[in-house]
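S.K.: Shown below is the structure under consideration.
The values are calculated or read from the model by the stated rules, or taken from the named source; none is laboratory data. The shown structure was predicted, so the numbers you read here are calculated from the model rather than taken from an experiment. With ideal geometry, Cβ positions are generated from the backbone for all residues, glycine too; neighbour counts draw on all protein chains shown.
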Amino acid sequence: MQNDRIRTTPGPFTQEEAFDSDNVISTISRVKILVIGAGGLGCEILKNLALSGFKDIHVIDMDTIDISNLNRQFLFRKSDVGKYKAEVAASFVMRRVRGVNITPHNKRIQDFDEAFYMQFQLVVCGLDSIEARRWINATLHSMAESEDEDPSDCIKPLIDGGTEGFKGQARVVIPTMSSCIECQLDMHAPRAAVPLCTIASIPRQPEHCIEWAHVIAWDKEKPFPALDKDDPEHITWLYQKALTRAAEFNIPGITYALTQGVVKNIIPAIASTNAVIAASCCNEALKIATGVVPSLGLEENYMMYSGNDSIYTYTFKHERKDDCPVCSETEQARPLPTDLGMTLGEFLDSFRERPEAQLKQPSIRAEGKTLYMQSPPSLEAQTRPNLEKTLKDLNLEHGFEVAITDPAFPTLSFRFTLTPKA
Ligand SMILES: [Zn+2]
């Protein structure tokens with residue numbers, strides 16, 4: 001096969017052992033690889049891995065196919081709408097690429113235990129959720145640290161692709177040896193919200209007018225009991241309101257689609273960005289599996305791609321963070337500038353927005369005491385009154401350490417030391 005020459009011919013950077021006993025083709029066909037996500041990136045990744053010679057692939061995705069996926073998730077057809085993505089993608093690729101075996105799992109990643117993940121040599125993620133990435137990152141780290149197994153068997157390189165419109169990134173995490181997804185969390189800071197005063201008084205962009213309809217006009221007029229972002233009638237109401245508002249300020253550009261996009265916080269998926277990022281993830285998988293040429297990993301580990309303003313890519317080494325709650329060995333608490341006059345409720349809310357935390361359901365303990373717990377319900381009810389109290393009232397001081405937990409990451413505790421606000 002013409003295709004095999006690249007894999008059977010050593011290059012100047014080839015590691016000796018890659019060519020020692022077996023050739024590359026047999027190496028790659030022995031690798032068991034896990035793909036997480038069978039959506040826009042996942043379709044590309046499954047196709048590329050199969051065509052690169054991987055023979056034993058598993059894919060996890062709990063989603064079913066929606067009609068809106070069909071414009072770019074090319075393994076799906078109209079007759080597949082409503083079926084599981086993982087299942088349809090697996091059987092499509094198996095039909096087209098001879099000799100590949102793809103095992104689909106129509107489940108959530110959280111439904112599997114460490115023993116399941118242990119069977120793979122490599123994990124490739126094509127996800128749109130930061131939470132799922134953080135979960136698999138924490139799981140692969142806890143596996144790498146498990147002491148009763150041979151460490152070389154427990155370290156599963158994680159190749160992660162992500163796209164947002166014309167932008168994307170491909171990165172490789174070698175658990176316990178390189179910077180991890182949690183270290184890099186601030187690369188995915190939640191987008192800054194437009195200040196309410198801009199929306200209320202001086203809109204400059206069509207998005208501001210839509211936000212005005214969404215947060216101000218809707219609340220004032222309550223056209224329907226509750227906003228259903230999937231109901232075309234509700235979106236139409238917001239669209240009409242935004243149009244009127246925009247006409248007042250001479251702002252062009254309001255459309256129904258834009259209204260829907262802003263309200264649902266949708267960034268359009270670009271098929272070719274997915275293709276670029278998936279391709280580079282799969283090349284890294286091929287390189288790691290075979291050792292034919294150096295891959296992203298211990299040195300350079302992060303490739304960013306931007307097509308927003310012409311085209312630009314940059315590859316660099318993202319350093320580990322000494323106080324990373326997942327991969328740091330020292331378990332330092334992170335300094336957290338805090339105003340002790342804020343209520344516990346406000347304090348907990350701030351963990352949603354903080355780029356290094358991004359926790360949606362935080363519970364908190366401090367100085368050996370539980371200050372607020374999300375569950376069980378009895379403990380939640382018992383600790384709820386604390387949400388109204390200020391940190392000072394709860395006897396917290398600067399220099400104290402607090403531990404935040406979140407049900408999305410059951411194995412992690414995020415520790416912070418309260419420091420004075422600059
Ligand atoms: Zn880390």
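S.K.: Return the total of residues in the stretch 320-347 being more than 10 Å from the ligand (Cβ to nearest atom) and either more than 24 Å from residue 396 (Cβ to Cβ) or part of a loop (DSSP other than H, G, I, E, B) (or both). Break it down into steps so the answer makes sense when it comes.
M.R.: Here is the first cut: in the stretch 320-347, the ones more than 10 Å from the ligand (Cβ to nearest atom) are 329-347.
Then drop every residue that is not either more than 24 Å from residue 396 (Cβ to Cβ) or part of a loop (DSSP other than H, G, I, E, B) (or both), which leaves 329-333, 338-342.
Of the residues in that region, 10 qualify.
S.K.: Would you mind finding the one in 288, 267, 277 that is closer than 28 Å to residue 45 by Cβ, loosely packed, with under 14 Cβ neighbours inside 10 Å and of a type in the set (A, V, I, L, M, F, W, C)?
M.R.: Working: 288 fails: loosely packed, with under 14 Cβ neighbours inside 10 Å; 277 fails: loosely packed, with under 14 Cβ neighbours inside 10 Å.
Of 288, 267, 277, the one residue that is closer than 28 Å to residue 45 by Cβ, loosely packed, with under 14 Cβ neighbours inside 10 Å and of a type in the set (A, V, I, L, M, F, W, C) is 267.
S.K.: Picking from 307, 297, which residue would you name as being away from the ligand (no atom under 16 Å from the Cβ) and among the small types (Gly, Ala, Ser)?
M.R.: Details: 297 fails: away from the ligand (no atom under 16 Å from the Cβ).
Just one listed residue meets the conditions, 307.
S.K.: Does at least one position in the stretch 106-114 carry a residue that is without any contact (Cβ under 8 Å) to a residue 60 or more places away in the chain, over 30 Å from residue 26 (Cβ atoms), surrounded by 22 or more Cβ atoms within 10 Å (Cβ to Cβ) and of a type in the set (Lys, Arg)? Don't jump to the end; show me each part of the working.
M.R.: Taking the stretch 106-114 first, the residues without any contact (Cβ under 8 Å) to a residue 60 or more places away in the chain are 106-108, 110-114.
Checking the rest, the ones that are also over 30 Å from residue 26 (Cβ atoms) come to 106-108, 110-111, 113.
With surrounded by 22 or more Cβ atoms within 10 Å (Cβ to Cβ) added as a condition, the list becomes none.
Taking every residue of the stretch 106-114 in turn, none turns out to be without any contact (Cβ under 8 Å) to a residue 60 or more places away in the chain, over 30 Å from residue 26 (Cβ atoms), surrounded by 22 or more Cβ atoms within 10 Å (Cβ to Cβ) and of a type in the set (Lys, Arg).
S.K.: While we're looking at this one, here's another question. For the stretch 311-318, check the following and say yes or no: at least one residue is of a type outside the set (Ser, Thr, Tyr), part of a helix (DSSP H, G or I) and more than 16 Å from the ligand (Cβ to nearest atom).
M.R.: The answer is no, given that none of the residues of the stretch 311-318 is of a type outside the set (Ser, Thr, Tyr), part of a helix (DSSP H, G or I) and more than 16 Å from the ligand (Cβ to nearest atom).
S.K.: Please go through (1) farther than 29 Å from residue 406 by Cβ; (2) in contact (Cβ under 8 Å) with a residue 40 or more places away in the chain; (3) of a type in the set (Asp, Glu) for residue 331 and return the number of the only condition it doesn't satisfy.
M.R.: (1)
S.K.: Filter the stretch 64-114 down to the residues that are touching a Gly at 6+ places or on another chain (Cβ under 8 Å) and not in a helix (DSSP H, G or I) and list them by number.
M.R.: Across the stretch 64-114, the qualifying residues are 64, 65, 72, 73.
S.K.: With the requirement that a residue be in a helix (DSSP H, G or I) and loosely packed, with under 12 Cβ neighbours inside 10 Å, what does the stretch 234-255 give you? Before you say what the answer is, go through the steps one by one.
M.R.: Initial filter on the stretch 234-255 (in a helix (DSSP H, G or I)): 234-248.
Once the filter is applied, which keeps residues that are in a helix (DSSP H, G or I) and loosely packed, with under 12 Cβ neighbours inside 10 Å, the stretch 234-255 yields only 248.
S.K.: Can you go through 363, 375, 350 and tell me which one is of a type in the set (Gly, Ala, Ser), in contact (Cβ under 8 Å) with a residue 12 or more places away in the chain and closer than 24 Å to residue 421 by Cα? Write out each step before concluding.
M.R.: Working: 375 fails: closer than 24 Å to residue 421 by Cα; 350 fails: in contact (Cβ under 8 Å) with a residue 12 or more places away in the chain.
That would be 363, the only listed residue that is of a type in the set (Gly, Ala, Ser), in contact (Cβ under 8 Å) with a residue 12 or more places away in the chain and closer than 24 Å to residue 421 by Cα.
S.K.: To continue, here is another question. Look at residue 85 and say whether it is crowded, with 18+ Cβ neighbours inside 10 Å and among the charged types (D, E, K, R).
M.R.: Working: crowded, with 18+ Cβ neighbours inside 10 Å: yes; among the charged types (D, E, K, R): yes.
The answer is yes for residue 85.
S.K.: Still on this model: Suppose the filter is more than 19 Å from residue 127 (Cβ to Cβ), surrounded by 20 or more Cβ atoms within 10 Å (Cβ to Cβ) and not charged (D, E, K, R); does residue 50 pass it?
M.R.: Against the criterion (more than 19 Å from residue 127 (Cβ to Cβ), surrounded by 20 or more Cβ atoms within 10 Å (Cβ to Cβ) and not charged (D, E, K, R)), residue 50 qualifies.
S.K.: How about the stretch 24-69: which of its residues are among the polar types (S, T, N, Q) and over 19 Å from residue 91 (Cβ atoms)? Even if it seems obvious, please write down each step before you answer.
M.R.: Residues of the stretch 24-69 that are among the polar types (S, T, N, Q), as a first pass: 26-27, 29, 48, 52, 64, 68-69.
If the condition is that a residue be among the polar types (S, T, N, Q) and over 19 Å from residue 91 (Cβ atoms), then 26, 27, 29, 52, 68 are the ones that fit.
S.K.: Here is a check on your reading of the model: is residue 241 more than 25 Å from residue 72 (Cα to Cα), basic (Lys, Arg) and out of contact with any strand residue (DSSP E or B) (no Cβ under 6 Å at 6 or more places or on another chain)? Give the derivation first.
M.R.: Details: more than 25 Å from residue 72 (Cα to Cα): yes; basic (Lys, Arg): yes; out of contact with any strand residue (DSSP E or B) (no Cβ under 6 Å at 6 or more places or on another chain): yes.
Yes: the conditions hold for residue 241.
S.K.: Of 78, 107, which residue is out of contact with any helix residue (DSSP H, G or I) (no Cβ under 8 Å at 6 or more places or on another chain) and farther than 15 Å from residue 128 by Cβ?
M.R.: Details: 78 fails: out of contact with any helix residue (DSSP H, G or I) (no Cβ under 8 Å at 6 or more places or on another chain).
Of the residues listed, the single one that is out of contact with any helix residue (DSSP H, G or I) (no Cβ under 8 Å at 6 or more places or on another chain) and farther than 15 Å from residue 128 by Cβ is 107.
S.K.: Which of the residues that make up the stretch 19-47 are modelled with pLDDT under 95 and surrounded by fewer than 18 Cβ atoms within 10 Å (Cβ to Cβ)?
M.R.: 19, 20, 21, 22, 23, 25, 26, 29, 30
S.K.: Could I ask something else about it? For the stretch 95-105, give me the residue count where each residue is surrounded by fewer than 18 Cβ atoms within 10 Å (Cβ to Cβ), touching a strand residue (DSSP E or B) at 6+ places or on another chain (Cβ under 7 Å) and farther than 30 Å from residue 411 by Cα.
M.R.: The qualifying residues number 1.
S.K.: Something else about it: Taking residue 128 as the residue in question, decide whether it is away from the ligand (no atom under 16 Å from the Cβ) and under 14 Å from the mean Cα position of the chain (by Cα).
M.R.: Details: away from the ligand (no atom under 16 Å from the Cβ): yes; under 14 Å from the mean Cα position of the chain (by Cα): yes.
Yes, satisfied.
S.K.: Kindly indicate whether any position in the stretch 134-141 is away from the ligand (no atom under 16 Å from the Cβ) and out of contact with any Lys or Arg (no Cβ under 7 Å at 6 or more places or on another chain). Steps first, please.
M.R.: Of the residues in the stretch 134-141, the ones away from the ligand (no atom under 16 Å from the Cβ) are none.
No - not one qualifying residue is present in the stretch 134-141.
S.K.: A further question on this structure: Taking the stretch 170-202, which residues are more than 16 Å from the ligand (Cβ to nearest atom) and either part of a helix (DSSP H, G or I) or modelled with pLDDT of 90 or more (or both)? Steps first, answer last, please.
M.R.: Keep residues of the stretch 170-202 that are more than 16 Å from the ligand (Cβ to nearest atom), which gives 170, 189-202.
Across the stretch 170-202, the qualifying residues are 170, 196, 197, 198, 199, 200.
Conditions (1) in contact with a Ser or Thr (Cβ under 8 Å, 6 or more places away or on another chain); (2) modelled with pLDDT of 95 or more, marked per residue:
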residue: 106; (1), (2): no, yes
residue: 114; (1), (2): yes, no
residue: 122; (1), (2): no, yes
residue: 125; (1), (2): no, yes
residue: 146; (1), (2): no, no
residue: 149; (1), (2): no, no
residue: 154; (1), (2): yes, no
